[in-house]
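Asker: Before I ask anything, let me first share the structure, which is written out below as structure tokens.
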Amino acid sequence: MALKTCARAIVCGIVVACATIASAQSVAVELDQSAGYSTEDVAAAHTKLRAFGEVLPAIRFNVTGTWGKQSEESDAFAAAYPYTDRPVVLDAYAERTFRPAGRLFGLRVGRYRTPFGISSESDQGYVGFQRNPLIRYDDFFALSSTFFEHGANVMFGAPRASLEASLGAPGDVGEHTRSTGLDTVLRGQIVAGAVIVGASYIDTRPHLPRAGADSASPFGAAGGEVEVEAREVAPGRATFGGIDVRWMRGGVQLRGEFIAGRPFDGARTRGGYVDLIVHRPFMGPITTALRAEQLTHTDAGVLMLQGERYTAATRVRLPHGFAAHVEIVHNSRALPERRATAVDMALSYSVRLE
Amino acid sequence: MSRGRVPFVVVALWSASAIFGSATARTFDLRGTVSAGGRPEPDAVVWLDAPDADGPRSDKPVVLDQRSLGFFPRVLAVRAGTTVDLPNNDRVFHNVFSFHDGKRFDLGVYPVGMTKQVRFDKPGLSRIFCNIHPNMAAYVKAVDSPYFAVSDRDGRFTIAAVPEGTYSYHAWRPGRQDLTGSAALNPDRLLALQWR
């Protein structure tokens, strides 16, 4: 509790400091709005406000607030945003990057996304996919795109080979959150020609349903009893290792991420995805993407969840900050509470004020 | 004339040309202003027609920086044939591309600290975007001249080392037709360009 209070105080301090200092510096404010409908009978709307810039010549800040609402809980349209039906702060950090003699050293302090694998909001949310990968949705006992850290993140190395370490406490948003405690994330990355390879490791606390949100359990259970049950069956620590690979040339990107680990004592989750993202120059404002993914979760050696999903997605950048997104999702093996095939459609608008 | 004297004559003519040429081609820094609707116009590209001129040269790399989820500068003017560095100085990946009238390319994603290069080999306007961050946008205007500049936030510009003479001039800014005209330029002349 003390750690959480301390972390909140740090975040608030950074936000206030940024707001104060930034009034005389280079600051941009970005407003994103989106609305979507899925044939899974899910409608969603989302607003995001982000302030970022340089508070001093070399110190940058990023504060992002968001509000999102879905007609019912789903991973549809959740690639970049949580849908909490209340305003929440996502990022709130200050960072500085040093480049001594071609080396790289970066320090980030505050509240930031858990730097495991292909984790950036921009990596997941703006290339056409409207849904998180299965291994990034918090219903499926892997990791979640709504994981955040309160702490410090250090990156060092060189542009072609770097290491990143984060030490902090979980500060998740969304329906399923990790309990508080010390949280360690390590990540290494190598760039070789057109290939970028990363390896990540996380040692953290298991994530659990929030009280009153248990109807979202993938096992279909509901009610407060499940909260107790979940806490009983999610003891110990959560540890995951992962590898991510990107290759790109001439507007064609092939990328994938594979993770395996223990969401809590006695359980195993492993899975991954492969994306083909095509944006050749002749395609102009159109980006197309294909994804194949798989996830398996066992508890005490018993298969509890197994899913395979295939996605075809397109994003079209329209004039004046608008973008249209359409994707077709097909589940080849039963995922709980999912239709075999669904179509997601969304329209988004983004504007920046400087 | 014997064959042995030919090189001597060529060298002598070249030397004379260089000496007298440099004496007659007096250069100066051309200053001017750009406005639109009576207000100073920042980020306007101004250039003079001089496709065959050598012009001033610089060893400094031409950079279109990516930082704080933006391109800096937002309008970059280069001479056609210039190679531009596009470093990523953000801790997120960027994916720079251009698909409009000028240079067409997609650099793919690359991380912090890395630099990719693009050669703008023909005159024209290239609109630069990031395929990940929808609000990142910039213009690269490649011109067939060594004499060009981009106006500052007060609408002022300076074109360095312009030889005195009469030139056709051009001005471009996002969303407007090019301004063109002709003027005799000398150190006493302030070039004032105006969109109505």
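Asker: Show the residue pairs that are 6+ apart or on different chains and have beta-carbon atoms under 7 Å apart, the first residue being within segment A:38-67 and under 19 Å from B:Leu69 (Cβ atoms), the second being among the acidic types (Asp, Glu) and part of a strand (DSSP E or B).
Answerer: Correct list of pairs: A:Lys48/A:Asp32; A:Arg50/A:Glu30; A:Arg60/A:Glu54; A:Arg60/A:Glu95; A:Asn62/A:Asp91; A:Val63/A:Asp91; A:Thr64/A:Asp91.
Asker: Test each condition in (1) outside any strand (DSSP E or B); (2) in contact (Cβ under 8 Å) with a residue 40 or more places away in the chain; (3) in contact with a Lys or Arg (Cβ under 9 Å, 6 or more places away or on another chain) for A:Asn132 and report the one that comes out false.
Answerer: The one condition A:Asn132 does not meet is (3).
Asker: A follow-up question, please. Could you list, in sequence order, all residues of segment B:125-155 that are over 11 Å from the mean Cα position of the chain (by Cα), closer than 24 Å to B:Leu190 by Cα and of a type outside the set (Lys, Arg)?
Answerer: Within segment B:125-155, B:Ser151, B:Asp152, B:Asp154, B:Gly155 meet the criteria.
Asker: Further, regarding this structure: Which condition number does A:Arg262 fail, the rest of (1) buried (at least 16 other Cβ atoms within 10 Å of the Cβ); (2) away from chain B (no Cβ under 13 Å); (3) without any contact (Cβ under 8 Å) to a residue 24 or more places away in the chain being met?
Answerer: With respect to (1) buried (at least 16 other Cβ atoms within 10 Å of the Cβ); (2) away from chain B (no Cβ under 13 Å); (3) without any contact (Cβ under 8 Å) to a residue 24 or more places away in the chain, A:Arg262 is out only on (3).
Asker: Would you be able to tell me the number of residues in segment B:172-195 that are touching a residue at least 24 places away in the same chain (Cβ under 8 Å) and either surrounded by fewer than 16 Cβ atoms within 10 Å (Cβ to Cβ) or assigned to a loop (DSSP other than H, G, I, E, B) (or both)?
Answerer: Residues that pass the stated criteria total 9.
Asker: Okay, next question. Going by the conditions given, is B:Ala161 within 19 Å of B:Lys60 (Cα to Cα) and either assigned to a strand (DSSP E or B) or among the hydrophobic types (A, V, I, L, M, F, W, C) (or both)?
Answerer: yes
Asker: Of the residues A:Thr269, A:Thr287, which single one is within 19 Å of the chain's Cα centre (by Cα), surrounded by 17 or more Cβ atoms within 10 Å (Cβ to Cβ) and either within 14 Å of chain B (Cβ to nearest Cβ) or over 30 Å from A:Tyr349 (Cα atoms) (or both)?
Answerer: Exactly one of A:Thr269, A:Thr287 is within 19 Å of the chain's Cα centre (by Cα), surrounded by 17 or more Cβ atoms within 10 Å (Cβ to Cβ) and either within 14 Å of chain B (Cβ to nearest Cβ) or over 30 Å from A:Tyr349 (Cα atoms) (or both), namely A:Thr269.
Asker: For segment B:95-126, give me each residue that is at the interface with chain A (Cβ under 7 Å from one of its Cβ atoms) and assigned to a strand (DSSP E or B).
Answerer: B:Phe97, B:Phe105, B:Asp106, B:Gly108, B:Val109
Asker: Restricting to segment A:237-252, what's the tally of residues that are away from every other protein chain (no Cβ under 14 Å) and β-branched (Val, Ile, Thr)?
Answerer: Residues in segment A:237-252 being away from every other protein chain (no Cβ under 14 Å) and β-branched (Val, Ile, Thr): 2 in total.
Asker: Here is a check on your reading of the model: is A:Arg99 within 12 Å of another protein chain (Cβ to nearest Cβ), basic (Lys, Arg) and out of contact with any Pro (no Cβ under 8 Å at 6 or more places or on another chain)?
Answerer: It is true that A:Arg99 is within 12 Å of another protein chain (Cβ to nearest Cβ), basic (Lys, Arg) and out of contact with any Pro (no Cβ under 8 Å at 6 or more places or on another chain).
Asker: Name the residues in segment A:291-310 that are closer than 21 Å to A:Gly198 by Cα and surrounded by fewer than 21 Cβ atoms within 10 Å (Cβ to Cβ), would you?
Answerer: Residues satisfying the conditions are A:Ala292, A:Gln294.
Asker: Turning to a different aspect of this structure: Taking segment B:51-67 as the search range and keeping residues that are modelled with pLDDT of 90 or more and not in a strand (DSSP E or B), which one is nearest to A:Thr64 (Cα to Cα)?
Answerer: Looking at residues that are modelled with pLDDT of 90 or more and not in a strand (DSSP E or B), I get B:Leu64.
Asker: Moving on to the next point. Just for segment A:118-137: of the residues that are over 24 Å from A:Gly321 (Cα atoms) and within 13 Å of chain B (Cβ to nearest Cβ), which one is modelled with the highest pLDDT?
Answerer: Of everything passing the filter in segment A:118-137, A:Ile118 is modelled with the highest pLDDT.
Asker: Taking only segment B:78-94 into account, find how many residues are outside any strand (DSSP E or B) and either closer than 20 Å to A:Gln253 by Cβ or more than 8 Å from chain A (Cβ to nearest Cβ) (or both).
Answerer: 6
Asker: Right, here's the next one. For segment B:133-145, enumerate the residues that are surrounded by fewer than 21 Cβ atoms within 10 Å (Cβ to Cβ) and within 8 Å of another protein chain (Cβ to nearest Cβ).
Answerer: B:Asn135
The values are calculated or read from the model by the stated rules, or taken from the named source; none is laboratory data. Note that this is a predicted model, so its numbers are computed, not measured. Cβ: placed from backbone, ideal geometry, glycine included. Neighbour counts: every protein chain shown.
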